[in-house]
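In what follows, a structure is listed as structure tokens, so that the remarks can point back to it.
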Amino acid sequence: MARATPAARVALALIILGACGLVASTWHVFFATWDEPEHLAAGVELLDRGYYEYDTEHPPIARVLLALGPYLAGAHSYGTPPPSGVSEGEDILYRDGKYDLYLTLARAGALPFLALLLFVTWLWARRMLAGEGAALLAVILLLSVPPILGHAGVAALDVPAAGTILLALYTLDRWLDTPSWYTALLFGLASGLAVGTKFSAVPYIGMSLLALALTHWLLRARAPPTVRTAPWGVRAAELALVAAAALVPLFIAYGIRAPNEARVAIRFNWAVSYLLQQPGFDHGLGVLLSHLWLPREMQDLVNGIVAVKAHNDGGHLSYLLGEVRTMGWWYFYLVALAVKTPLPMLAAGTTGIAWLAREGWRSGDNWRITPAVLFVAILVFASGFSHINIGIRHVLILYPLLALGAAWVVTRTWAALRRMPNRRSAALGTFALAAALTWQLSTLWTAWPDYLAWFNETVTHPERVLVDSDLDWGQDLRRLERRSRELAIPRLSLAYRGTADLTREPLPPFVNLPPHQPTTGWVAISQLARTRNPSDYAWLDAYQPVEHIGKTIDLYYIP
């Protein structure tokens, strides 16, 4: 792959800076979302006290970067007993009187991961699309997806996970395409970084490795006999290097801190005990771990991965299309993609990755087949095995693949239009292409600042489709406070779901609105509260809200 021109590198830098600026412009609008205090608490605890004991279902790498800004600004740990870090996170945000400063600095910690996501998309696009302009177009199309900007604007792990997993998948394809000790080392280090950011990287990278290895094997089986492949022994040795290299970021993440052998042992023993209670492979793994000595860092890693598995096995209270379940739906992510993706991207992206796969299969170019293979593998895993259905944020990694496909469709369509002999038809086609691109890019201003709660044009009542983190993540409390002051509300009945300490918030005198108890006066209710059990506040259906606060809170006055 040829070096990028200076103009292309400058353009990419400006695009990334523009995306970061758009994200930063939303910070002042929104209150802390549901997960932000706990992520902040875990990172600050590690930086300040050397321990990592809050919500160990998530690894520490991204959390440390999210907490670094607040920590340097004076935030410190209060030592709230684990495992939940919600109260600790609230104390960090509230006690010093620097709530807005700490939250802003924590959110700024997500911007490097957004930059990484866009940069790796550009690298990938340069390998499969013709021209620097096409690669830059893929980046622009990606950043015009509101869920990407929305989740990049909060101090959470989903955009960090998407960026690091995409890097791991890119280096995986490089290793399979040009196997060497160097590319194996890069893939291993990137995989360790991704796993140390979020444990969903384990199945995503694992499924992708199997799917892409099969794809490469099929392509090589069709290649002429003169094409040589590395001996299996060499590939096995390289795979061992991948595994060893992946441990390096993980040992750094889990190792540089004060040891707490007793608590580590308690968590590890719980993980082993949980596996021993399961049938099949899980039980066998538990038996192996119970007889195996592992360093402290590996014990923490095992505990975290098993904690995620236990969470998935038990499910999570989720909402879809007016229904609430614990174990989720196999079609959850299909619906989420259908309603949370801009329609031009949805149409062009899916068409493009299929088109790329056909071109790649015919020419033997694995890079062009890869987006379709990864898209299917990750979506099949998420749909078939995930019982934690709480948002499109868990499959943000699919959007760079759709952006690659959409950029391919746009560039090929543009090339075809330029070759058309009928200039009138070419002009009409050019107009249609420009209209579709304008429609796609219009989300940058029409969705602002509510990128997180955005839905495409197929949905008129989002609360009837998706809620948790796709619509209402507790982010509109600040808007309610401002509007309450403007209206001089003397007393408020409030039904709100989030991790805010409402007693510390500048709300009017309020009472928590209990379920099934109609009241009078001013009433504010968030969509998450309303949909957790739809019958709880069904009595409000007889009234019309005075106004909507942001995208997620309805404000009523009941005579």
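The values are calculated or read from the model by the stated rules, or taken from the named source; none is laboratory data. Owing to the predicted nature of the structure, the values given are computational and were not obtained by experimental measurement. All Cβ positions, glycine included, derive from the backbone under ideal geometry; neighbour counts span all protein chains shown.
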**OP:** Search segment 197-208 for residues that are more than 18 Å from L116 (Cβ to Cβ) and pair each with any residue that is in a loop (DSSP other than H, G, I, E, B) and among the charged types (D, E, K, R) when their beta-carbon atoms are under 8 Å apart and the residues are at least 6 apart or on different chains.
**Re:** F199/E57
**OP:** Determine whether segment 44-54 contains at least one residue that is aliphatic (A, V, I, L, M), within 19 Å of G163 (Cα to Cα) and touching a His at 6+ places or on another chain (Cβ under 9 Å).
**Re:** no
Original post:
Is it the case that segment 389-398 has a residue that's outside the structural domain of W355 (by TED's automatic domain parsing) and without any contact (Cβ under 8 Å) to a residue 60 or more places away in the chain?
Top reply: no
Subject >> Residue list for segment 361-391, filter: under 17 Å from L172 (Cα atoms) and in a loop (DSSP other than H, G, I, E, B) >> reply: D365
**OP:** Considering each residue of segment 381-400, count those that are polar (S, T, N, Q) and crowded, with 20+ Cβ neighbours inside 10 Å, and give that number.
**Re:** 2
Original post:
For L346, are the conditions met, namely being under 15 Å from the mean Cα position of the chain (by Cα) and either under 30 Å from T33 (Cα atoms) or not aromatic (F, W, Y) (or both)?
Top reply: no
Original post:
Which residue out of T430, T438 is more than 29 Å from D468 (Cα to Cα), modelled with pLDDT of 95 or more and surrounded by fewer than 20 Cβ atoms within 10 Å (Cβ to Cβ)?
Top reply: T438
**OP:** With the checklist (1) at pLDDT below 95; (2) buried (at least 18 other Cβ atoms within 10 Å of the Cβ); (3) within 21 Å of A347 (Cα to Cα) in hand, flag the one item S469 doesn't pass.
**Re:** (3)
Original post:
Of all residues in segment 494-509, how many are closer than 18 Å to D472 by Cβ and not acidic (D, E)?
Top reply: 9
Original post:
Can you name the number of the only condition in (1) farther than 24 Å from H311 by Cβ; (2) surrounded by fewer than 22 Cβ atoms within 10 Å (Cβ to Cβ); (3) in contact (Cβ under 8 Å) with a residue 40 or more places away in the chain; (4) not charged (D, E, K, R) that A403 fails?
Top reply: (2)
Original post:
Within the group A156, A194, A190, A168, which residue is within 30 Å of L105 (Cα to Cα) and either part of a loop (DSSP other than H, G, I, E, B) or among the aromatic types (F, W, Y) (or both)?
Top reply: A156
**OP:** Restrict the check to segment 507-515 and report whether at least one residue is in contact with a strand residue (DSSP E or B) (Cβ under 9 Å, 6 or more places away or on another chain), part of a loop (DSSP other than H, G, I, E, B), surrounded by fewer than 13 Cβ atoms within 10 Å (Cβ to Cβ) and not assigned by TED's automatic domain parsing to the domain that holds V324.
**Re:** yes
Original post:
Taking segment 447-466 on its own, how many of its residues are out of contact with any Lys or Arg (no Cβ under 8 Å at 6 or more places or on another chain) and surrounded by fewer than 24 Cβ atoms within 10 Å (Cβ to Cβ)?
Top reply: 11
Original post:
Out of all the residues in segment 411-427, which are at pLDDT 90 or above and among the hydroxyl-bearing types (S, T, Y)?
Top reply: T411, T413
Original post:
If you take the residues of segment 369-380 that are under 15 Å from A162 (Cα atoms) and hydrophobic (A, V, I, L, M, F, W, C), which of them is surrounded by the most Cβ atoms within 10 Å (Cβ to Cβ)?
Top reply: L374
